[in-house]
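Okay, structure first, notes after.
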Amino acid sequence: MSEILSLWNETPAKKAIINYVNAVINPESADFVPEAERIAILDNDGTMWVEKPMYVQLFFVIDRLKQMAEADPALLDQPHFKAAATDDLTYFFRLDPHAGGDFKELMKTVFDSHAGMSQDDFMLMAKEFLETAKHPRFGMLYKDLTYKPMVELAHYLADNGFKVFLASGGGMSFLRTVSEEIYSIPKERVIGSNIAFETRMTDEGPVIFRKKGLVDPIDDGAGKPVNIELHIGRKPILAAGNSDGDLHMLWLAQKSGQNSLSLLLRHDDAKREYAYDEGSEKTLQMVKERDWIVISMKDDWKKVF
C-alpha cells in the first residue's frame, strides 16, 4: 500500500488532513459523514495550479486580443488591445485583484474577448492554448504547472468517498477543457465564472454561442457560495483556497452542520514557486479566528510541480 499523501512532509497540516478524513469516513466515529454529504470544494488559481505572474486564462486572452487586433487594426485604439499587441504585461498585471485590480473588470475582459464564437470553437481554442503555451518563468506548459501535492489530495479525497469539485474564479469553460486530464475531476464538477450563452438554430441543428456579458455573480468572494448552491445544492464539508476571494467558501464549509475542514494554502516558497500574501490578508486573519489550517508550500510539500 502506497503512503498516504506521499508528496507531503510529516507536518501538523498533513496529520490534520488525514485525521479529519479518517474521522468522517468511520461509521463508528461521532464525526462520521455519509458519502452523500462528503462534498469537497477546491479553488483553482493559486490553489491547484500556478497563478503568477498572472492568471493562466489572462495569457490566453492576451493571445486572443492580439489575433483580433491583427484582423482589425482599428481595435488598437482600445487600451486592452493596444497593451496586448505591444506585450505591455504591466497593463494586465494591474487588473490582478491581488494587486488591487477590479476582478469584475478583469473577467469582463476575459469573457468579452471570445464573445460571438460558438462554444465548441472556444473549447477547441482553449484546448490548443493549454496544449502548447508555456509559462514565462518555468518554461513548462501551464497545464503541467499543477501543484502535485494538491492533486494528490484531490485523489485521496475521491478515494475516500468525497465528491470533489473545483470552484474557480476563472472561466468555467476554460478549466473544463483540462480538468479531467490534469485533476481527474469531471467537467460537470467544475464551477466557475461564466459568460452568457444563446442557442442559434443552424442548418446543422442547434449551436451554442457565447455572448457578451458576465453571468452574475462571478465565482469569487461572496459569489462562490451562491454558485456552489446553484451547481451542487449542498454545502461543502471541506474547502481549500489561497486568497480573500475564497474566504466565504472556506467559512461556508463550517456552516455545513457536519464536521468540517477549511484549508488555506500560503505561497511562501520563492525558490520553488512564489512568495506572496497580497490578496490573502483577511483570510490569514480569519485562520486564527476560525481555527482553519494553513498549508505552507515551503514546509508542508516535498515538491511543488
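The values are calculated or read from the model by the stated rules, or taken from the named source; none is laboratory data. Remember, predicted model here, so these are calculated numbers, not experimental data. Here the Cβ positions follow ideal geometry from the backbone for every residue, glycine too, while neighbour counts run over all protein chains shown. With ligands, DNA and RNA removed, areas are computed over all heavy atoms of the protein, side chains included. Shrake-Rupley method; radii C 1.70, N 1.55, O 1.52, S 1.80 Å.
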Using the structure shown, decide if residue 31 is more than 27 Å from residue 292 (Cβ to Cβ) and surrounded by fewer than 18 Cβ atoms within 10 Å (Cβ to Cβ).
-> no
Within the group 196, 239, which residue is aliphatic (A, V, I, L, M) and touching a Ser or Thr at 6+ places or on another chain (Cβ under 8 Å)?
-> 239
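Helices (runs of 4 or more DSSP H) wholly in region 161-263 with at least 2 residues that are in contact with a His (Cβ under 8 Å, 6 or more places away or on another chain) - which ones?
Hits in region 161-263: 223-231.
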Starting from region 76-91, take each residue that is touching a residue at least 12 places away in the same chain (Cβ under 8 Å) and list its partners that are of a type in the set (Lys, Arg) and not in a loop (DSSP other than H, G, I, E, B), counting only C-beta distances under 8 angstrom and pairs at least six apart or across chains.
-> 84/66; 85/66
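Evaluate the following for residue 210: is it within 13 Å of the chain's Cα centre (by Cα), of a type in the set (D, E, K, R) and crowded, with 17+ Cβ neighbours inside 10 Å?
Numbers: within 13 Å of the chain's Cα centre (by Cα): no; of a type in the set (D, E, K, R): yes; crowded, with 17+ Cβ neighbours inside 10 Å: yes.
No.
Go through 304, 294 for me and flag whichever is under 22 Å from residue 149 (Cα atoms) and in a loop (DSSP other than H, G, I, E, B).
On the way: 294 fails: in a loop (DSSP other than H, G, I, E, B).
Among 304, 294, only 304 is under 22 Å from residue 149 (Cα atoms) and in a loop (DSSP other than H, G, I, E, B).
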Of the residues in region 151-161 that are open to solvent by less than 10 Å² (accessible area, probe 1.4 Å) and in contact with a strand residue (DSSP E or B) (Cβ under 7 Å, 6 or more places away or on another chain), the one that is nearest to residue 271 (Cα to Cα) is 154
Tally time: how many residues in region 13-27 are assigned to a helix (DSSP H, G or I) and without any contact (Cβ under 8 Å) to a residue 24 or more places away in the chain?
-> 4
Tally, over region 280-291, of residues that are assigned to a helix (DSSP H, G or I), open to solvent by 40 Å² or more (accessible area, probe 1.4 Å) and out of contact with any strand residue (DSSP E or B) (no Cβ under 8 Å at 6 or more places or on another chain) | 5
Which number in (1) open to solvent by 40 Å² or more (accessible area, probe 1.4 Å); (2) touching a helix residue (DSSP H, G or I) at 6+ places or on another chain (Cβ under 7 Å); (3) at pLDDT 95 or above; (4) among the charged types (D, E, K, R) marks the one condition that residue 181 misses?
-> (2)
